[in-house]
Amino acid sequence: MKKILLAFVCSLLTLVSFAQKTTISGQVLDQESAEAIEYASVALYQLPDSILIAGIVTDEAGRFSLKEVSSGSLYCEIQFLGYQTYKSAPFEAGTNINLGVINLGLNTNVLNEIEVRGREVTSLYKLDKQVFQAKQFQNAQGGNATDVLRNLPSITVNANGEISVRGTTGFILMVNGKPIQSEPSVLLNQIAANSIDDIEIITAPSAKYDPDGKAGIINIKTRQGTLDGLFINLNTQIGLPSIEPYDNAKTARRGNADLTVNYKQGRWDWSFGADYRRNDVSGRRVGYVNTYQNEILTEFPSYGERSFDRESYTGRVSMSYQVNERQSLGAAFYAGKRTQFRTADILYDNQRRASIPANDFLGTEAYWDLYQTNNDVFGGGELINQLTFFNANLRVRRGDFLIGALDYDFQIGENSQLKLAALYERTVLGGPTDNISTNFPNTQDTLQLQFNTNDNPLDGLRLQADFSTKLGELTFESGYQFRYLKHPGDFIYLDRNFDTNEFEENPLFTNSIELRRGIHALYGQISGQQGKLSYTAGLRLEYFNREVDIETPN
């Protein structure tokens, strides 16, 4: 009997599960012309509360199909701009339901007057990339390339200026189609938004692109002259005083100016650009930290200034010369200098260390709750020491870059093209950090004095040759690339010895390293289109060699 009952329950569950998978379909047409209405919105609501449970838009033929709809009393509502809204009679979900042909009539109340305006396409979606024109983002004008990227889908910029594409930071940055080997944020923060023509987000790179960026490629295209004559564009911005100065020692300053000059005459095309930017950020830190180790509770209440002073200069020059109808030469030069001062002047008010047996320990969150309630550290346990001290920490970060590029294009016949390109880049990252801890309020009594600095230059060279030709309806592309990178780094950490009054090298953090990398790459690919289907197939072969020398420690 139990087996029969179990089989009956299983069968019943199967029927219920099957009954829940209802498909509701139909077709939406124009009442007058009987033409299909594409992208009409179809919404399914559940009675009696009119809760939205599913939605879809119609396809090119005006058809729609809502699958696996829950059971119950339902009704369907269809809308499209300029048409009257359709609302079906209530029906019960069960077997598949076909609403048939639904004719939408024009809404004469909203179509008494029609104004048609044309607008330039500002976003373009292709097989392997998305293209966005920078000028469509008005809120980024006067800013830099990072400000433009904040507006693009699939790209996020956090509070620290770190950029991620589809959730990961591993992407390649290109400027006018030429990959940059240095840190992307160094360059993006120094390219004026007003000098950018458009941005390509290449999410599915083909074999001709470098494979380094697992998240894809960001290609920044700068403005060039399009018509003969002179074009000058000047932009300035002045920042208002901070709403909250946070009692910082210095007043934050914000403002920028950028200039773009394009001159085109005959075969010559020149472009100049300059940019100055000051973007300070006022800030204050209020914090509390506690640790419990070896039955010792240590509490660190703190508050003070944490601000940023940021200043940058950039310049660019580019030219192109049309030798004849089949040949052209190009050259470009970019340079920039950026400095950031991070001030962290923090007062550690009443740092306390106390011995507390494990059986009496309340937990780190409990002591945080007590601090919030009493606005003071925990007074229990056996006091080990108690100290109030002031820590002044100034970190200076400098990012300088220099990029030079040469191009040569040769049109071979009607359907073939050869491109040769060379690029050299140099960036210098680094800067010192001063860290001083003193007694408080007697700040003349120094407890700790540290100094560290680093010099982290990068030299990169890239040579590239690309060939493309038509093979009937197909496009064949192949090429060779050579990349070389030299990236040394010297990191020096010093502590002041108050007995000898001299700085001594800290061996735990001091190091010296040099990275050298060489890459040879060959690629070939074929692309084409069959009806609405676009496709690309390719193969890339790379030889990669990397050497790392560590001098300190040996």
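The values are calculated or read from the model by the stated rules, or taken from the named source; none is laboratory data. On a predicted model such as this, the values are computed, not experimentally measured, just so you know. Note that each Cβ is placed from the backbone with ideal geometry, even for glycine, and that neighbours are counted across all protein chains shown. Remember, those area values only see protein heavy atoms, side chains included, never the ligands or the DNA or RNA. Shrake-Rupley method; radii C 1.70, N 1.55, O 1.52, S 1.80 Å.
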Cα-derived Rg to Rh of the stretch 296-443, Kirkwood definition: 1.40
Please compute, over every Cα-Cα pair in the stretch 243-380, the percentage with a separation greater than 25 angstrom. 59 percent
Taking the Cα centre of the chain as the origin and placing charges on Cβ (Lys, Arg +1; Asp, Glu -1), which of THR446, PRO488, PHE272 is farthest toward the positive end of the dipole? PHE272
Shape box of the stretch 420-554 [Cα atoms, principal axes, largest first, Å]: 83, 35, 22
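Take the residue pairs LYS178/LYS486; LYS264/LYS337; LYS221/LYS264 and return only those whose Cα atoms are more than 23 Å apart.
LYS264/LYS337
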Over the Cα atoms, compute the radius of gyration (one decimal) and Dmax (the largest Cα-Cα distance, rounded to a whole number) for the stretch 356-457, in Å. 29.2, 89
Once a ≥ b ≥ c are taken as the square roots of the eigenvalues of the Cα gyration tensor of the stretch 192-297, is the result rounded (a/c under 1.5), prolate (a/b larger than b/c) or oblate (a/b not larger than b/c)? oblate
Which one, PHE389, TYR371, ALA331, is farthest towards the positive end of the dipole of the stretch 307-406 when Lys and Arg carry +1 and Asp and Glu -1 on their Cβ? ALA331
By average C-beta atoms within 10 angstrom, highest first, the peptides 261-271, 468-478, 400-410: 400-410, 261-271, 468-478
Interchain or long-range residues, amide H under 5 Å from ASN107's placed H: TYR83, GLN84
Using the 2.2 N^0.38 Å rule of thumb for compact globular proteins, work out how the stretch 396-448 stacks up: its C-alpha Rg over that value, please. 2.67
Of the residues GLY304, SER320, TYR543, the Cα lying farthest along the dipole of the chain towards its positive end, which is defined by charges on the beta carbon of Lys, Arg, Asp and Glu, belongs to SER320
Evaluate Rg over Rh across the stretch 328-372, taking Cα atoms for both radii and Kirkwood's formula for Rh. 1.55
Let me spell out the model: positive unit charges on the Cβ of Lys and Arg, negative unit charges on the Cβ of Asp and Glu, origin at the Cα centre of the chain. What dipole size does that give, in debye rounded to 20? 1200 debye
What per residue convex hull volume, in Å³, comes out for the stretch 296-347 when only alpha-carbon positions are used? 134 Å³
Based only on the alpha carbon positions, what is the Kirkwood hydrodynamic radius of the chain, in angstrom? 30.4 Å
How much net charge surrounds PRO90 when only other residues with a Cβ under 15 Å from its Cβ are counted (Lys, Arg +1; Asp, Glu -1)? -2
Order of 485-496, 378-389 by packing, highest average Cβ count within 10 Å first? 485-496, 378-389
Of all the Cα-Cα pairs you can form in the stretch 481-554, what percent are over 21 Å apart? 60 percent
Percentage, to the nearest whole number, of Cα pairs in the stretch 25-76 over 12 Å apart: 63 percent
Count the net charge of all other residues whose Cβ sits under 13 Å from the Cβ of SER478, scoring Lys and Arg as +1 and Asp and Glu as -1. +1
Per-peptide average of other Cβ atoms within 10 Å, ordering 424-437, 526-539 highest first: 424-437, 526-539
Phi angles of the stretch 73-83, converted by Karplus (6.51 cos²θ - 1.76 cosθ + 1.60, θ = phi - 60°) into ³J(HN,Hα) in whole Hz with x for Gly and Pro, give 7, 9, 8, 10, 10, 10, 9, 7, 4, x, 10
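Please calculate how many Å² of accessible area the chain carries per residue, with a 1.4 Å probe and no DNA, RNA or ligand atoms counted.
Ligands and nucleic acids excluded, the result is 59 Å² per residue.
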Please state the charge dipole magnitude for the stretch 450-554, taken about the Cα centre, from unit charges on C-beta atoms (+1 on K and R, -1 on D and E), reported in debye and rounded to the nearest 20. 1080 debye
In 10 Å bins starting at 0, how do the alpha-carbon pair distances of the stretch 231-274 split up by percent? 22, 29, 20, 16, 10, 3
